[in-house]
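Everything on this sheet refers to the single structure shown next.
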Ligand code: GLN
């Protein structure tokens with residue numbers, strides 16, 4: 001059973017169809033694994049066992065009746081705890097939502113349930129998805145399964161760690177500036193951010209609405225492609241979701257990449273990148289050359305501004321999005337206030353953590369009259385230049401590669417005292433959110449301390465099939481994904 005849990009979703013699906021295992025057994029195996037390792041990993045804010053077993057039971061009934069199984073039916077899957085799942089607590093890892101119970105399902109949740117995917121748990125995250133290490137959670141830190149003293153990355157740290165530790169086979173995360181790709185790279189799993197609009201954000205607790213996007217975590221590229229297929233599509237409840245057909249992303253996984261052009265982002269290969277990470281990307285370049293791809297060097301001159309642009313736009317949007325948490329409509333309310341204003345201020349002072357408050361203050365400042373033109377408007381203009389930078393390089397190449405992060409997972413506490421060093425962790429991932437393009441992180445080896453390294457691949461908007469193709473070809477040339485963290 002333990003062995004089956006370590007396998008991919010596509011292998012587990014075969015075992016279900018061949019009746020080697022039932023869906024209820026698979027779900028129970030997942031919970032047994034959670035019992036075994038969760039004390040060490042601490043990936044979850046809550047378990048949703050009853051619902052998972054109910055869904056698994058339905059899958060077994062379908063198998064017994066010989067009905068056709070939807071893709072990923074019966075595969076144990078985790079939701080990041082900023083996605084609504086009716087009847088479950090949805091906290092965004094914030095004290096202000098500590099006792100908030102979802103009254104409805106997010107679209108992604110509904111899609112999973114419609115496909116009979118058992119949702120086993122709600123994963124811990126940085127509060128409101130603000131962070132790169134999962135240390136900003138109000139409900140404790142998640143530990144990296146490869147080394148429990150290190151961070152799993154953030155903000156979807158619980159999602160990444162749960163897949164890396166085989167507590168679940170698949171997970172969903174959200175990525176505003178790298179929050180899927182970064183923890184995927186730190187935890188040695190696959191993590192993918194789709195094109196902005198590819199997946200509905202309805203029911204995702206908003207951080208920065210023009211950048212947020214939900215995407216899959218898995219241990220293999222094929223599994224991530226299947227999960228994206230299940231959650232994608234136009235949704236009338238999210239006006240930014242795209243009216244384009246959902247593709248079968250597994251179809252072109254194995255396409256020949258001979259003659260295709262890949263650009264190495266030179267701006268992300270120089271100073272500040274650890275030697276082990278640089279070597280891993282150089283090895284990836286060799287792999288792609290051996291596969292017949294044409295690898296060239298490209299530069300994105302706006303890349304050095306991406307963190308600055310992001311921390312104006314994302315904070316501006318969050319200062320507005322988080323205004324709704326005022327003690328009236330949702331969750332926490334302070335104990336004793338003498339009037340309405342005091343209730344608002346005390347609730348927010350007590351309910352939000354330090355990083356969230358920092359962001360709200362920065363964003364409010366950037367939007368305030370007198371500063372709006374100098375900061376917010378300028379950042380919007382710069383955002384367009386970032387997009388144009390990508391448009392220009394994508395005229396020459398089909399995909400871009402770089403490290404997902406200049407370094408591997410760091411020690412817990414190492415960057416907490418210095419927000420800027422924490423923000424810099426996202427230097428390689430943030431530009432993709434600003435441009436709205438898809439990106440993936442795939443395991444690309446280990447550093448001298450045996451911590452996983454991630455390779456980032458980026459393609460133009462809506463070229464997810466290409467993205468998975470490039471990722472799959474790389475994955476299949478190595479066996480990094482077969483090595484699983486020992487716990
Ligand atoms: N680390 C970035 C931040 O703190 C990105 C977070 C995310 O993608 N949700 O804002």
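What follows draws every value from the coordinates through simple rules; no lab data is involved. What you see is a predicted model; the values in this text were computed from it and never measured. Here the Cβ is made from the backbone with ideal geometry for all residues, glycine too, and neighbour counts use every protein chain on show.
Label-to-label distance for residue 148 and residue 486 is 1.5 nm, based on points extended 7 Å past Cα in the beta-carbon direction.
Note on the chain: antiparallel DSSP beta bridges, both residues inside, total approximately 65 percent of the bridges counted.
Out of every Cα pair in segment 137-263, what percent are spaced more than 22 Å from each other? Of all Cα-Cα pairs in segment 137-263, 40 percent lie more than 22 Å apart. Annotation: for a label point projected 7 angstrom from Cα along Cα→Cβ of residue 449, residues of segment 152-183 with backbone N closer than 14 Å are 152-153.
Over segment 364-467, calculate the relative contact order: mean separation of alpha carbon pairs under 8 Å at least 6 apart, over the residue count, as a percent.
For segment 364-467, the relative contact order is 29 percent.
For segment 284-410, the spherically averaged projection of the C-alpha convex hull amounts to 12.1 nm². Bridge orientation summary for segment 1-140: considering DSSP beta bridges with both residues in this region, about 50 percent are antiparallel.
May I ask you to derive the FRET efficiency for residue 368 and residue 330 from their Cβ-Cβ distance with R0 = 22 Å, giving the value to the nearest 0.05?
According to the calculation, E is roughly 0.30.
Comparing Cα centroids, segment 1-16 and segment 345-407 end up 40 angstrom apart. Summary value for segment 308-437: 27 percent relative contact order, contacts being C-alpha pairs under 8 angstrom separated by 6+ residues. Each part reduced to its alpha carbon centroid, segment 216-235 and segment 96-116 end up 18 Å apart.
Sorted by mean Cβ packing within 10 Å, highest first, what order do the peptides 121-129, 250-258 take?
Values: 121-129: 30.4, 250-258: 15.0.
Result, highest mean Cβ count within 10 Å first: 121-129, 250-258.
If a spin label sat at a point 7 angstrom from the Cα of residue 283 along the line to its beta carbon, the backbone N atoms of segment 440-456 nearer than 13 Å would be those of 443-455.
For segment 208-309, the extents of the C-alpha atoms along the principal axes are 45, 38, 25 Å, listed from largest to smallest. Using the Stokes-Einstein relation with a Kirkwood hydrodynamic radius computed over Cα pairs, the translational diffusion coefficient of the chain at 20 °C and a viscosity of 1.002 mPa s comes to 96 µm²/s.
For a quick protection proxy, order the peptides 90-98, 340-348, 206-214 by their average other-Cβ count within 10 Å, most packed first.
Values: 90-98: 25.1, 340-348: 15.6, 206-214: 23.1.
Highest-to-lowest ranking by the protection proxy: 90-98, 206-214, 340-348.
Each stretch of four or more DSSP H residues adds -39500 (n - 2.57); spread over every residue of the chain, this sum gives -11500 deg cm²/dmol at 222 nm. Here the simple spin-label model places points 7 Å from the Cα toward Cβ, and for residue 340 and residue 296 these points are separated by 6.1 nm.
Between residue 385 and residue 11, the FRET efficiency estimated from the beta carbon spacing at R0 = 35 angstrom works out to 0.20.
Were the residues from residue 40 through residue 350 laid out at 0.36 nm apart, the gain over their Cα-Cα distance would be 108.7 nm. Among 4-14, 304-314, 416-426, the peptide with the highest mean count of other Cβ atoms within 10 Å heads the list, and the full ranking is 304-314, 4-14, 416-426.
Considering only alpha-carbon pairs that sit under 8 angstrom and 6 or more positions apart, the relative contact order computed for the chain is 18 percent. The modelled label-to-label distance for the pair residue 54/residue 69, using points 7 Å beyond Cα in the direction of Cβ, is 2.2 nm.
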